[in-house]
Amino acid sequence: MAVRIKSVNKGSAAEKLGLRSGDTLLSADGNEINDMLDYQFYTSGPSLHLAVQRGGKLEYLQAEKGEYEPFGCEFETYLIDKKHSCANHCMFCFIDQMPKGLRETLYFKDDDERLSFLFGNYITLTNLSEREAERIIKMHISPINISVHTTDPDLRVRMMANKNAGKVLAYLDRFAEAGIQMNFQLVLCRGVNDGAALEKTLEDLCALYPAAASIAAVPSGLTRYRKGLYPLTAYDAQSSREVLEILERWGNRCKEQYGCRLVYPGDEWYLCAGRPIPPHAFYEDYPQLENGVGMWRLFQEEFFEELHAHRPRWPVLPRKMDLVTGTLAAPLIGQAAEALSRRYPQVRLAVHPVRNDFFGGNVSVTGLVTATDIVAQCKGKLKSGHLGVPEVMLRDEKDRFLDDWTIPRLEKALGVKVHLLPCGGGALVRALLGFRLP
């Protein structure tokens, strides 16, 4: 495969070599360039032998540059080619449970090993070709994040509705033998891959240590849009306690055997079971934070540490602000707001938990709250004229909610000034005390 150069950075080795927009890069040191991983890996050395096509003519060029210095080519997309879409039809897939009419990009299911390495996305391995598996080993692309769900081949096929879902589990042993570190995710479905199936999965994955870097288990998210899908039941307090017993027992076993916990339950298990979130030390280096594992505890630790250590550069003037959050995080945000107001009585914060009627089901995380629900549940209840909205409710560009509402539209609907709030505990303290509100 050849890749077309869109532009060349000024002063780069590529510019010095005379490369320009429209040229096609065929290979580097005899290695075919197919995508961004190939490009970055094979152009990292100080001396390159390139095959380039320009104007229909094949040319062989040699470049000299600094070790690991960027070569200097830009392409049409970050990955160079298209993202790999998911070939599975998992019984718990959240995208299959979304209503119609949202932004088109929200319905794209990616399952791309390159995004796993570059951005921390999780892959199922069912899209992985033999060439890509060999490349992971050759380039030592590590760590990679893998959605396993179960190590029972037949059960994995049933859960993912993909005939290859069981066979590809063989990659786990190959990667482990090659020294590739793997973070594992288990999305648990009540009565399907928990209980005895979970015990077997943990036994198999823990045996891969030290290649197994971490294992996180989270409950499946179920919306009210499951018509025609596999009939799943949400976890309740008792079933959550049963899952926690298994996860904590295996974590304790790994702690004793390996010196690290390895197995981490998602925060939702504790909240649903009515049990306290474990202490800071339980999560060690928070290896699965982006998976919602330890997020509650880390926020709390950072918030109160910053609250007691923070010394504002100017006097904290009296101010009021309303805050919105998901119902899952509401007790934590309420506790934090009360503590900040006790320390700074002139700061009055009103926390408004927003129930997720848009998705329904057991969806309660802050990141899936929509502007539609904020307006429906908060209109007429906001007294400060200022609304703090966690930035996680918006897409990466921080301009639109999941239901495609913009911030100006939300401000107009509620008659307030919206302030985006950071998600980290320490950053939130600094933001709430730093806003200069009229």
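The values are calculated or read from the model by the stated rules, or taken from the named source; none is laboratory data. Please read all numbers here as calculations on a predicted model, not as lab measurements. Reconstructed Cβ throughout: ideal geometry from the backbone, glycine too, with neighbour counts over all protein chains shown. These area figures cover heavy atoms from the full protein model, side chains too; ligands, DNA and RNA do not enter into them. Shrake-Rupley method; radii C 1.70, N 1.55, O 1.52, S 1.80 Å.
Listed values, structure above:
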| read-out | value |
| --- | --- |
| Selected residue (criterion: farthest from the chain's Cα centre (by Cα)) from residues of the range 230-261 that are surrounded by fewer than 18 Cβ atoms within 10 Å (Cβ to Cβ) and of a type in the set (Ser, Thr, Tyr) | 258 |
| Every pair of residues 6+ apart whose Cβ atoms lie under 8 Å, when the first sits in the range 371-389 and is under 15 Å from residue 330 (Cα atoms) and among the polar types (S, T, N, Q) while the second is open to solvent by 20 Å² or more (accessible area, probe 1.4 Å) and modelled with pLDDT under 95 | none |
| Residues being open to solvent by 10 Å² or more (accessible area, probe 1.4 Å), of a type in the set (A, V, I, L, M) and not in a loop (DSSP other than H, G, I, E, B) - total across the range 180-201 | 3 |
| Selection count, the range 285-319, where residues are hydrophobic (A, V, I, L, M, F, W, C), in a helix (DSSP H, G or I) and open to solvent by 80 Å² or more (accessible area, probe 1.4 Å) | 1 |
| Residue in the range 147-155 that is crowded, with 18+ Cβ neighbours inside 10 Å, at pLDDT 95 or above and assigned to a helix (DSSP H, G or I) present | yes |
| Residues of the range 17-52 classified as farther than 25 Å from residue 132 by Cα, of a type outside the set (Gly, Ala, Ser) and open to solvent by 70 Å² or more (accessible area, probe 1.4 Å), total | 1 |
| Flag for residue 230 being in a loop (DSSP other than H, G, I, E, B), at pLDDT below 95 and either within 18 Å of residue 174 (Cα to Cα) or aromatic (Phe, Trp, Tyr) (or both) | yes |
| Unmet criterion (only one of (1) open to solvent by less than 20 Å² (accessible area, probe 1.4 Å); (2) free of Cβ contacts under 8 Å to residues at least 40 places away in the same chain; (3) over 25 Å from the mean Cα position of the chain (by Cα)) for residue 227 | (1) |
| Some residue of the range 65-80 being more than 36 Å from the chain's Cα centre (by Cα) and farther than 23 Å from residue 129 by Cβ | no |
| The listed residue being within 21 Å of residue 300 (Cα to Cα) and in contact with a strand residue (DSSP E or B) (Cβ under 8 Å, 6 or more places away or on another chain), out of 382, 410, 414, 421 | 421 |
| The lone exception for residue 168 - which of (1) open to solvent by 10 Å² or more (accessible area, probe 1.4 Å); (2) within 18 Å of residue 37 (Cβ to Cβ) it fails | (2) |
| Candidates 92, 117, 108 - the one that is modelled with pLDDT of 90 or more and either at positive phi or among the hydrophobic types (A, V, I, L, M, F, W, C) (or both) | 92 |
| Identity of the residue in the range 123-142, open to solvent by 60 Å² or more (accessible area, probe 1.4 Å) and of a type outside the set (Asp, Glu), that ends up nearest to residue 211 (Cα to Cα) | 140 |
| Residue within the range 202-218 that is open to solvent by less than 30 Å² (accessible area, probe 1.4 Å), in a strand (DSSP E or B) and closer than 20 Å to residue 238 by Cβ present | yes |
| Of the criteria (1) touching a Pro at 6+ places or on another chain (Cβ under 9 Å); (2) at pLDDT below 95; (3) not in a loop (DSSP other than H, G, I, E, B), which one residue 248 fails | (2) |
| Any hit, the range 118-134, residues being under 27 Å from residue 196 (Cβ atoms) and touching a residue at least 60 places away in the same chain (Cβ under 8 Å) | yes |
